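A.B. asks: Take this structure first; my questions come after.
The values are calculated or read from the model by the stated rules, or taken from the named source; none is laboratory data. Predicted, not measured: the structure shown is a model, and the values here were computed from it. Here the Cβ is made from the backbone with ideal geometry for all residues, glycine too, and neighbour counts use every protein chain on show. For the accessible areas, the whole protein counts, side chains as well, though only heavy atoms, and no ligand, DNA or RNA atoms are used. Shrake-Rupley method; radii C 1.70, N 1.55, O 1.52, S 1.80 Å.
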Amino acid sequence: MRNTQSVPAAKVDLMPTGTPVPDRGEVLGQAIPFDRARWMPLLPSADWWPPELDDCPTVAGRRRVDRNTVFGVARRSDTVEGRRHLLITALVWGTGTKARSVARRADIFAASAGDIDARLEAGLGTLREEGPVAAYYAFNNDQHIKYLGPAFFTKVIYFAGHEQGEGAWRPLILDRFVALALRAADTGEMWPTSGWTTPWYRRYLFLAHEYAQGVGVLPDQIEAALFARGKQLA
């Protein structure tokens, strides 16, 4: 059952004292290399490829897409084409260049091509109308897109909603590295490293927003710090 209420909790130190929190410029500049040639044959059609990706800078022979670029694409997500482009750009940013990883993302299109547009529209509509916890529930349940799990659909809702500050909470990315950092924190819970239900996502947003407010930063700066901490722990 969907539950979008916040969960009261004592203040928690999510990370060890002295853990660096990146400034917003560093967060927006987080860039991931990608290989266009690996993606194009796997898409439903060539027009699913966002033109912004072809304008990304090349570093060491690879184009690199950063968060700022994905946010730019997300501003067009009020149309069918824009939502498709947001999905692809979020996947590209979250996947990197490994052929096997790209092929796994392509399973989304092979299994769900006929449903993606309707599910994206409904899920992102829920984000606008009811906020990130309800959107998480939607993409994890009624509007689930096969092979698009929480680690990637939270990227979609993050880019679609974080800069708009939907409701009291902004959406954040939840993946296994963030979960590892949460598991290591003294939250009083044994955080799972996958398969997060809606209450886990709600709890994560509560903790991250409380911590961000306490140190005077935006919530995605805390997400980025948790991600870096989780990679160290992995």
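A.B. asks: Residue check, MET40 against (1) more than 25 Å from GLY123 (Cβ to Cβ); (2) in contact (Cβ under 8 Å) with a residue 12 or more places away in the chain; (3) open to solvent by less than 60 Å² (accessible area, probe 1.4 Å), all met but one. Which one?
C.D. replies: (2)
A.B. asks: If I ask for residues that are farther than 20 Å from GLN30 by Cβ, without any contact (Cβ under 8 Å) to a residue 40 or more places away in the chain and touching a helix residue (DSSP H, G or I) at 6+ places or on another chain (Cβ under 8 Å), which ones from the stretch 57-107 would you list?
C.D. replies: ARG76, GLU81, GLY82, ARG84
A.B. asks: Write out, first by first residue and then by second, each pair whose Cβ atoms fall under 7 Å of each other, whose residues are 6+ apart or on separate chains, and whose first residue, in the stretch 177-195, is of a type in the set (Gly, Ala, Ser) while the second is open to solvent by 10 Å² or more (accessible area, probe 1.4 Å) and not in a loop (DSSP other than H, G, I, E, B).
C.D. replies: Cβ pairs passing all conditions: ALA181/ARG229; ALA181/LEU233; ALA184/LEU233; SER194/ARG176.
A.B. asks: OK, next. If a residue must be assigned to a loop (DSSP other than H, G, I, E, B), open to solvent by 30 Å² or more (accessible area, probe 1.4 Å) and either of a type outside the set (Asp, Glu) or under 19 Å from ALA106 (Cβ atoms) (or both), how many such residues does the stretch 137-152 contain?
C.D. replies: Residues in the stretch 137-152 being assigned to a loop (DSSP other than H, G, I, E, B), open to solvent by 30 Å² or more (accessible area, probe 1.4 Å) and either of a type outside the set (Asp, Glu) or under 19 Å from ALA106 (Cβ atoms) (or both): 5 in total.
A.B. asks: In the stretch 87-132, which residue that is among the β-branched types (Val, Ile, Thr) and over 13 Å from the mean Cα position of the chain (by Cα) is most open to solvent (accessible area, probe 1.4 Å)? Lay out the reasoning, then the answer.
C.D. replies: Pass one, the stretch 87-132, residues among the β-branched types (Val, Ile, Thr): 88-89, 92, 95, 97, 102, 108, 116, 126.
Right, trim to over 13 Å from the mean Cα position of the chain (by Cα) and you get 97, 102, 108, 116, 126.
On the way: THR97: 37, VAL102: 3, ILE108: 1, ILE116: 0, THR126: 20 Å².
Looking at the filtered set, the residue picked out is THR97.
A.B. asks: Out of all the residues in the stretch 183-212, which are more than 22 Å from LEU148 (Cα to Cα) and either open to solvent by 60 Å² or more (accessible area, probe 1.4 Å) or part of a helix (DSSP H, G or I) (or both)? Give the steps one after another, and end with the answer.
C.D. replies: Of all residues in the stretch 183-212, those more than 22 Å from LEU148 (Cα to Cα) come to 183-190, 206-212.
Hits for the stretch 183-212 are ARG183, ALA184, ASP186, GLY188, MET190, PHE206, LEU207, ALA208, HIS209, GLU210, TYR211, ALA212.
A.B. asks: Are there any pairs, at least 6 apart or on different chains, whose C-beta atoms fall under 8 Å, with the first in the stretch 112-130 and small (Gly, Ala, Ser) and the second in a helix (DSSP H, G or I), and if so, which?
C.D. replies: Sorted first by the residue in the stretch 112-130, then by its partner, the pairs are SER112/ARG119; ALA122/ALA138; GLY123/ALA135; GLY123/ALA138; GLY123/PHE139; GLY123/PHE153; GLY123/VAL156; GLY123/ILE157.
A.B. asks: Considering only the stretch 187-198, I want to know if a residue exists there that is in contact with a helix residue (DSSP H, G or I) (Cβ under 6 Å, 6 or more places away or on another chain) and aliphatic (A, V, I, L, M).
C.D. replies: Checked the stretch 187-198: no residue is in contact with a helix residue (DSSP H, G or I) (Cβ under 6 Å, 6 or more places away or on another chain) and aliphatic (A, V, I, L, M).
A.B. asks: Residues being open to solvent by 60 Å² or more (accessible area, probe 1.4 Å) and over 18 Å from the mean Cα position of the chain (by Cα): count how many of those fall in the stretch 45-77.
C.D. replies: As a first pass, look at the stretch 45-77 and keep what is open to solvent by 60 Å² or more (accessible area, probe 1.4 Å): 46-47, 51, 55, 57-64, 68, 75-76.
Now narrow it down to the ones that are over 18 Å from the mean Cα position of the chain (by Cα): 46-47, 51, 55, 57-63.
Count: 11.
A.B. asks: To continue, here is another question. Does LEU174 satisfy the criteria of being in contact with a Ser or Thr (Cβ under 9 Å, 6 or more places away or on another chain), modelled with pLDDT of 95 or more and open to solvent by less than 10 Å² (accessible area, probe 1.4 Å)?
C.D. replies: yes
A.B. asks: Restricting to the stretch 135-154, count the residues that are closer than 21 Å to PRO219 by Cα and either among the β-branched types (Val, Ile, Thr) or touching a Lys or Arg at 6+ places or on another chain (Cβ under 6 Å) (or both).
C.D. replies: 2
A.B. asks: Using beta carbons and a limit of 6 Å, which pairs, at least six apart or on different chains, have the first residue in the stretch 196-207 and in contact (Cβ under 8 Å) with a residue 12 or more places away in the chain and the second one in a loop (DSSP other than H, G, I, E, B) and among the aromatic types (Phe, Trp, Tyr)?
C.D. replies: Once the first residue is in contact (Cβ under 8 Å) with a residue 12 or more places away in the chain and sits in the stretch 196-207, its partners that are in a loop (DSSP other than H, G, I, E, B) and among the aromatic types (Phe, Trp, Tyr) give LEU205/TRP169.
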